Every structure is written in structure tokens, then in C-alpha cells.
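Take a look at the structure below.
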Amino acid sequence: MTRLRAFAAKLCGWVAGACVAAMMLLTVVDIVLRALASKPIPGVFEIVELLLACSFFLALPATFLRDEHIVVDMIDGMAPRQVPLLKRISAALGVAVLALMAWQGWIAAKDSLIFGDVTFDLSLSRIIYWIPVLAGMIVAALAALVMAASSDADRRKDDA
Amino acid sequence: MSVAAITILCVAGLLALIFARVPIAIALAGTGLLGYAALDGWAKALKMFGVVPFQLASAYSLSVVPLFILMGAVASRGNMAKELFEASNAVFSGIRGALANATIGSCAMFGAICGSSIATAATFSKVAIPEMRRHGYDSAFAAGAVASAGTLAVLIPPSVLLAIYSIVAEESLPKLYAAAFVPGILLAALHVVAVFVVARVRPDRVPRVAAMKLAARLRAAVGMWKLGILFFFAVFGIYLGWFSPTEAAAAAAFVAIVIAFATGAMGWRELVDALLETAYTTAAIFFIVVGAFIFSRFIVLTQFPNVLAQWVLAAGVRPVSIMLVVIALYFLLGTFLDEVSTILITVPVTLPMVNGIGFDGIWFGIFVTVMCTIGLISPPTGMTVFAIQAQHPEIPVTRIYLGTLPFLAADFVLVGLLIAAPSLVAWLPSLLGM
């Protein structure tokens, strides 16, 4: 289970990292083409925005699986025994927040599809942008669920 | 229930959740949703809850964040810190406190590129602290110097924190970067002055180290070239009109990778690690941005920032008194909140009030960032102090805090200067015609 969790986190990180690399390369190529041939890549902003959505949301499950959220951990020193329970409660709250976001996002995405929303330059369907957002939210909710169900021993194994 | 009661309940709930170790992003999103629903009904609140993450995820202005983080991740793996420390040491060689000043100079330059105070402090604690201790420096002072110098990373451009502020305050990032130059260099200079003061008062803590020969100094100074090139692409490229901030970040990250590969400091494995670190860090920051935007939608709905600003103006409170309260607020928050959360949570409330007493959003961005540098070395949760303690467990954390005191004083001197002379911030942007 621990290994599987670590692999899943890495997989999310690899895909999101590849999107960041693609964003960087695309922007650099656009700069070079614009400077040398006055021919920028058409719709580069829109592709960067898509890659940005992919990099943010596809890495989000890893934040849960790696327990790398930004937290105020002053309580660790005051009540160390309560920390595992608090972590599980936090993960359960994470499930609720992400599930709600995904549900409402799903409704908004359906509206976008019905209205035929497209981007300005490349006329890309907005639903393409919604796919990584929803996929990331759903997988992150599942990741939070796994963390909420993980025993303290499992977490300690992860930390080690 | 009245708007005021809902606002107080939600803010209290937010603080309770944060202290109960709930991730800040989740605490912000949850309380923001509940508050919004209490004021405007569940239908609108849920709709907002589903749409905000999508709007932010595809906001082009946010693309600067992962690209600058990538540049920093590559720079911190590319052996640039040691060369820079040696180069800075060559510059200050021969004067009392040279090694501490070299630490401040190299942290300022490295931190500017790296963007992360914690990464800068962690990197230089391995490079600078052993060197200072070897030459007889007091351990607490050496660690305090690195912890404090690491905080310069969030102020000197290009700064990820300023990029986040520009998004939440809707201010121009190039203008913010231009505005941060003078205060950033001034803060580094004040830290140098702090070293000289300690060297004069307690010379036993800061021994004199033999001067390097001129040829050796020149050879070492050449070691700055890599960060010089990155700085040129990341910052000057924007003001030369070559790049937008996102393009500057992409070009600088690309050049960092090329330099690291060309000098043999990095291979494919390290590049993959840097990309993984970028993805993980970006996701953690972004999730807080989402939570903070949801919470700020609720705060805007309460009209609390405007009411507060109007009340302050109507009450005729002196601007200096207001600024003292704002300083106290940020000092307090800095003792337990990280700098990204501090900015995202507070700016929607404090900016209108500060605008009301005559300070603009650019000035406030620099002011808040300086306050964040103070939070990074303030007990009980000074993050750069912890980063150093993790590398040097033999130095007690209380001694590191004591070592930061001269630099904390320097930080507060800058805060005073910013309030007394706001033109320190406005001078460079107006010179550049921004």
C-alpha cells in the first residue's frame, strides 16, 4: 500500500512536471520564433493556460499522498498524541471539500459543453480545460480518502 | 444572523481549523464556502465553489509561479551556491565580518534566483555555516546570519511571493519587481550594517579572517557569472521589453537548465527531480491560492474591507497608528503562518484600508513582503530558522533565534524607512516610466 501510494504520487508528479517542462519549452520556442522570424506560435497563451491547469491539478493528488500540505503545526509540540487523529480529520475534510468542488465543477463543465464555449484564438472547446481540472479534483479526493483511512503505522512507514 | 456575526464566526472558525492542523487551503475553502452560503444562499455559494478553481487553474498570470519555481529548483541543484559564496567572500575579504557579509551578499543574489527563503537558508547553511565556524565565528551568530539572509529571497526580484501578491492585489508584476529593487538592496545593506555593529560590539563573535590575494579574489569573483546570466534573463529581460513576466520566467528556467547541463552540474536525473519538486511545490501553493480566493469571495460579500476602511477614515485615526496596528497584525501572523498564506488571507482586507490612508498597492506589496521576511525568522515558527536547525541539530533553536536578533532589528529599520519615505518604493518604477 505504501509503495503503491508513493508510486501514484510520483506518477502525478511526473505528468505535472512534464506539463511544466512543456510550458517552458513552448514559451521559449515562441520567444525565439517571434524574435527571429516574427512568427509567434498562434494561440500560445491558450496552450500555456491548458498546460497550467494540467500541472496544477494533476499534481494535487500528490500533495495529499505525500502529506505535503502547508499547515500550522504548532500543536505537534503541545499534543503530539492527537496529531494522527487530527491528520485523519484533515484528510476527511479534504475529501468533503474536493468532492463538493468536483460535483459543482462537473455541473459547470456540462453547462460549458451545452453552450459550446470555445477559446478566443484556437477555438478549443473549454471542456478540454475542464478535463484535467475535474480529473485532478476527483483523484485528489480519492487520495485524501486513502489518507483518511490510513493508519498511523502506515503514515509512519511513509515518513520513514 | 447579522453579517458581522457571520464574519466573526467564520474568521474564528478559520483560525480554529488552522490551529487544529487542518491544511490552510482546506480551512480557507471550507470556511469561505460556509460564510458565502450563510450570506447569499447555498445555490450561489456552491456555484462559486465549483467555478473558482477552474478560473484560477487557467489564469495565464499564474503561469509565472511554476516557471520561477523551476528556475530556483534547477539553480539550487546546479552547484551555484558554493561558487557564489566564494565570489562574495572574495569581495568582502580582509574586513572583519567578511564571511558573514559574504553570506548576506550571496544569499541575496542566490535567493533572488531561487525565490525560496527556506531553500536558500538550507543551501547556505551547508556552505556558509561550517566555513564561519571553522574561522571561529560564534555558532549562533553564524546560523542567525544565514537564517536572516535567506529571507532576502522573498523580497529581491524575481520573487514568487511578489508574483502571488500581484495576482491577489491585481497589481502589475513588472512594477512590483521594479519597486522591490531599492528596498531589497537596502535590506541587504542593513544586514551588512548589522554585521559591522555586532563585530564592533562583540568582536569575539566575529573574528577577522586573513585577506585573500588580489589574483585569488578576481578568480573567485568570476564565479558569479551563472547567476548573473539568470538574473539578466529573469529580471532585466522584462524591463528591456523583451519578455512578459511569464516569458522571462520560462527563458530563465531554460537558461538555468542549459547552464547546469553545460557545466556538468546537472544530469537528467537531477532535472527530473527539479521538475518533480516544481510540480509538488506548485500544487501546494496553488491549492492555497484556490482556498484564499474562495475565502476572499466571502470577505468581499461581507463588505468588511470597505466598512473597515470607511470606519478608519471616519474615526480620524492617525495613519501612523493604523500602520502600527498593521505592523502588529503582520508580525503576529508571521509567527505562525507561512508567507504565502499571510498574503493571500490578509491583503483583500488590509489593502483597502491602507489605500484609504494614502499608500498605494505597489508600496503595500513591498511593505507586506518585508513583514513576511520578519515572520520567517520570528519565533515560534521561523521557517528559515527551522531549515537551519534541521541541517545543524547541534545548534539549539533558541540560540539561532538569538543570532537573528541584530538582523531582525535591521528588518524593522527598513519597515520604519518604508513608512517614513514611501518614495524608496516609488522611485525606480517612476524612473522607468511605469
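The values are calculated or read from the model by the stated rules, or taken from the named source; none is laboratory data. Just so it is clear, the structure is predicted and the values come from calculations on it, not from any experiment. All Cβ positions, even for glycine, are placed from backbone atoms using ideal geometry, and neighbour counts span all protein chains on display.
Overview of results
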read-out: Region B:377-434, residues that are under 28 Å from B:Leu176 (Cβ atoms) and in a loop (DSSP other than H, G, I, E, B); value: B:Ile377, B:Ser378, B:Thr381, B:Gly382, B:Ala421, B:Pro422, B:Leu432, B:Gly433, B:Met434
read-out: Verdict on B:Ala220 being more than 30 Å from A:Leu52 (Cα to Cα) and either hydrophobic (A, V, I, L, M, F, W, C) or within 14 Å of another protein chain (Cβ to nearest Cβ) (or both); value: yes
read-out: Selected residue (criterion: farthest from the other protein chains (Cβ to nearest Cβ)) from residues of region B:1-40 that are over 25 Å from A:Phe57 (Cα atoms) and polar (S, T, N, Q); value: B:Ser2
read-out: Close pairs from region A:7-23: first more than 7 Å from chain B (Cβ to nearest Cβ), partner buried (at least 17 other Cβ atoms within 10 Å of the Cβ) and not in a helix (DSSP H, G or I), Cβ under 7 Å, at least 6 apart; value: A:Ala9/A:Arg66
read-out: Subset of region B:321-339 (residues that are small (Gly, Ala, Ser) and in contact with a Leu (Cβ under 8 Å, 6 or more places away or on another chain)); value: B:Gly334
read-out: Residue match in region B:160-169 (condition: outside any helix (DSSP H, G or I) and surrounded by 24 or more Cβ atoms within 10 Å (Cβ to Cβ)); value: no
read-out: Flag for B:Ala43 being more than 20 Å from A:Met23 (Cα to Cα), free of Cβ contacts under 8 Å to residues at least 12 places away in the same chain and within 11 Å of chain A (Cβ to nearest Cβ); value: yes
read-out: Residue within region B:128-136 that is of a type in the set (Gly, Ala, Ser) and in a helix (DSSP H, G or I) present; value: yes
read-out: Residue within region B:103-115 that is among the polar types (S, T, N, Q) and crowded, with 24+ Cβ neighbours inside 10 Å present; value: yes
read-out: Selection from region A:1-15 of residues that are under 13 Å from A:Ser150 (Cβ atoms) and more than 18 Å from the chain's Cα centre (by Cα); value: A:Met1, A:Thr2, A:Leu4
read-out: Answer from B:Thr246, B:Thr302, B:Thr263 - the residue that is more than 27 Å from B:Ile343 (Cα to Cα) and among the hydroxyl-bearing types (Ser, Thr, Tyr); value: B:Thr263
read-out: So B:Leu333, is it at pLDDT 85 or above, under 15 Å from the mean Cα position of the chain (by Cα) and closer than 22 Å to B:Ala16 by Cα; value: yes
read-out: Residues of region B:284-312 that turn out to be away from chain A (no Cβ under 14 Å) and either surrounded by fewer than 24 Cβ atoms within 10 Å (Cβ to Cβ) or farther than 16 Å from B:Leu14 by Cβ (or both), as a count; value: 15
read-out: Condition met for A:Leu50 (facing chain B (nearest Cβ under 9 Å) and in a helix (DSSP H, G or I)); value: yes
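Condition check ((1) at pLDDT below 95; (2) surrounded by fewer than 17 Cβ atoms within 10 Å (Cβ to Cβ); (3) more than 7 Å from chain B (Cβ to nearest Cβ)) across all residues:
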residue	(1), (2), (3)
A:Asp73	yes, yes, no
A:Met78	yes, yes, yes
A:Arg81	yes, yes, yes
A:Leu85	yes, yes, yes
A:Leu93	no, no, no
A:Val97	no, no, no
A:Met101	no, no, no
A:Ile107	no, yes, no
A:Val118	yes, yes, yes
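Residues are listed down the side, and each one gets a yes or a no for (1) part of a helix (DSSP H, G or I); (2) away from chain A (no Cβ under 14 Å); (3) of a type in the set (Asp, Glu); (4) closer than 23 Å to B:Asp138 by Cα:
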| position | (1), (2), (3), (4) |
| --- | --- |
| B:Phe54 | yes, no, no, no |
| B:Phe68 | yes, no, no, no |
| B:Lys82 | yes, yes, no, yes |
| B:Ser88 | yes, yes, no, yes |
| B:Gly94 | no, yes, no, yes |
| B:Leu99 | yes, yes, no, yes |
| B:Thr103 | yes, yes, no, yes |
| B:Ala121 | yes, yes, no, yes |
